[in-house]
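Asker: My questions all concern the structure below.
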């Protein structure tokens with residue numbers, strides 16, 4: 001591995017601590033970000049792999065207990081560099097499933113979490129991570145890439161490091177994990193250029209990772225994002241399509257509504273209906289943020305839920321009960337903006353659906369929960385009486401039980 005550098009902040013208090021412990025201080029997860037934000041002077045910390053980590057890994061059985069036993073540093077103290085690196089190198093022993101581009105079921109993550117518990121990580125953790133994205137093992141390169149993600153995003157410096165590897169990467173697992181690591185950074189032109197270049201990749205798992213990056217609030221306004229979304233919405237793989245259909249609503253673009261309706265109007269694609277409905281809800285109801293408003297998406301939702309004759313497949317039962325959830329802090333503000341939304345209209349659709357013996361009982365039960373939220377006790381009692389009067393309703397007891405639970 002190459003020698004790599006991590007730039008991080010040294011605060012006055014930290015200097016005292018580091019001086020007293022041989023130059024090693026407790027790690028700060030996003031040292032680069034913290035240094036830049038604080039405007040403090042930064043220094044370079046180096047770490048060079050000398051083979052001790054791999055030797056340590058190979059000295060123990062490849063079991064969960066064996067990996068945990070590698071860490072002999074007492075709790076509350078700083079884990080040694082070889083110990084820390086060895087826990088990541090352990091992924092090198094886990095096969096990659098080439099069908100799914102996922103690591104096979106393994107105990108490494110569990111062992112790593114248990115071994116790290118109660119320990120400080122090395123001050124050179126970032127530099128170790130920078131080394132690991134150049135590992136000879138694709139499993140390790142892929143896992144290491146995910147370590148760059150944080151709630152603060154990926155810094156420009158780290159984006160450059162990742163793209164430096166990814167632009168020359170051949171292993172599909174690493175490419176997929178790299179796309180995931182950079183999925184919230186599409187507003188950086190170099191990132192969007194890399195990710196959008198994979199829209200037509202021959203591997204469906206790569207395209208699915210692209211779909212999740214495209215159908216992302218952070219991708220709003222990115223050049224080429226609409227064209228990429230439309231391409232993915234017509235992909236020939238159902239998993240790719242379900243990923244983009246369920247998330248394209250995050251882009252809050254009404255021009256996607258007709259595309260979603262095309263799927264919803266096709267009974268032969270009923271397995272994708274729930275994904276489309278999820279995006280429509282995102283566009284007009286947007287729980288828990290309640291930020292988006294779209295009359296077109298609202299009307300498309302109502303039209304789909306009203307459609308008869310209903311069946312066990314249509315409407316998609318899993319996406320019926322969205323309005324049973326509400327963020328009280330944001331709801332009133334949303335309601336004042338969502339002038340298209342009429343509680344009475346939506347309540348009527350839910351009442352009709354819940355009473356329909358042809359609809360899936362799971363969907364009917366979800367409708368009951370929505371009625372309980374946006375309607376009244378009287379509405380539930382009226383619905384119960386109507387269902388009990390229909391002796392031909394094979395799901396009568398199940399739906400009545402759902403009503404009684406709400407009452």
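Results for (1) surrounded by fewer than 23 Cβ atoms within 10 Å (Cβ to Cβ); (2) touching a helix residue (DSSP H, G or I) at 6+ places or on another chain (Cβ under 6 Å); (3) not in a loop (DSSP other than H, G, I, E, B), shown as yes or no for each residue.
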{"residue": "202", "(1), (2), (3)": "yes, no, no"}
{"residue": "205", "(1), (2), (3)": "yes, yes, yes"}
{"residue": "211", "(1), (2), (3)": "no, yes, yes"}
{"residue": "235", "(1), (2), (3)": "yes, yes, no"}
{"residue": "246", "(1), (2), (3)": "yes, yes, yes"}
{"residue": "256", "(1), (2), (3)": "no, yes, yes"}
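Asker: Now for a different question. Right, residue 288: in contact (Cβ under 8 Å) with a residue 12 or more places away in the chain, surrounded by fewer than 16 Cβ atoms within 10 Å (Cβ to Cβ) and within 23 Å of residue 347 (Cβ to Cβ) or not?
Answerer: yes
Asker: I'm checking my understanding of the structure. Among residues of the range 145-163 that are under 20 Å from the mean Cα position of the chain (by Cα) and over 21 Å from residue 108 (Cα atoms), which one is surrounded by the most Cβ atoms within 10 Å (Cβ to Cβ)?
Answerer: 154
Asker: Considering each of 142, 178, 126 in turn, give the residue that is modelled with pLDDT under 95, buried (at least 19 other Cβ atoms within 10 Å of the Cβ) and in a helix (DSSP H, G or I).
Answerer: Going through 142, 178, 126 in turn, the sole match is 126.
Asker: While we're here: Is it the case that residue 312 is out of contact with any strand residue (DSSP E or B) (no Cβ under 6 Å at 6 or more places or on another chain), surrounded by fewer than 18 Cβ atoms within 10 Å (Cβ to Cβ) and farther than 23 Å from residue 273 by Cα? First the steps, then the outcome.
Answerer: Numbers: out of contact with any strand residue (DSSP E or B) (no Cβ under 6 Å at 6 or more places or on another chain): yes; surrounded by fewer than 18 Cβ atoms within 10 Å (Cβ to Cβ): yes; farther than 23 Å from residue 273 by Cα: no.
No, not satisfied.
Asker: Next question, about the same structure. Does residue 329 meet the test of being in a helix (DSSP H, G or I), surrounded by fewer than 21 Cβ atoms within 10 Å (Cβ to Cβ) and in contact (Cβ under 8 Å) with a residue 12 or more places away in the chain?
Answerer: Numbers: in a helix (DSSP H, G or I): yes; surrounded by fewer than 21 Cβ atoms within 10 Å (Cβ to Cβ): yes; in contact (Cβ under 8 Å) with a residue 12 or more places away in the chain: no.
When the stated conditions are applied, residue 329 does not pass them.
Asker: Among the residues of the range 65-112, how many are in contact with a strand residue (DSSP E or B) (Cβ under 6 Å, 6 or more places away or on another chain) and surrounded by fewer than 14 Cβ atoms within 10 Å (Cβ to Cβ)?
Answerer: Counting residues in the range 65-112 that are in contact with a strand residue (DSSP E or B) (Cβ under 6 Å, 6 or more places away or on another chain) and surrounded by fewer than 14 Cβ atoms within 10 Å (Cβ to Cβ) gives 1.
Asker: Here are the criteria: (1) assigned to a helix (DSSP H, G or I); (2) farther than 22 Å from residue 179 by Cβ; (3) in contact with a helix residue (DSSP H, G or I) (Cβ under 9 Å, 6 or more places away or on another chain). Tell me which single one residue 92 does not satisfy.
Answerer: Answer for residue 92: the failing condition is (2).
Asker: In the list 80, 109, which residue meets the criterion of being farther than 27 Å from residue 189 by Cβ and under 20 Å from the mean Cα position of the chain (by Cα)?
Answerer: 109
Asker: Further question: Return the total of residues in the range 352-400 being free of Cβ contacts under 8 Å to residues at least 24 places away in the same chain, under 37 Å from the mean Cα position of the chain (by Cα) and not in a helix (DSSP H, G or I).
Answerer: 1
Asker: Does the range 48-64 include one or more residues that are modelled with pLDDT under 95, closer than 20 Å to residue 141 by Cβ and surrounded by 19 or more Cβ atoms within 10 Å (Cβ to Cβ)?
Answerer: Checked against the condition, which is being modelled with pLDDT under 95, closer than 20 Å to residue 141 by Cβ and surrounded by 19 or more Cβ atoms within 10 Å (Cβ to Cβ), the range 48-64 yields at least one hit.
Asker: Can you tell me which residues in the range 54-68 are more than 14 Å from residue 108 (Cβ to Cβ) and in a helix (DSSP H, G or I)?
Answerer: The answer is 54, 55, 56, 58.
The values are calculated or read from the model by the stated rules, or taken from the named source; none is laboratory data. Here the structure is a predicted model, which is why all the values come from computation and not from measurement. So basically every Cβ, Gly included, is an ideal-geometry build from the backbone, and we count neighbours across all protein chains shown.
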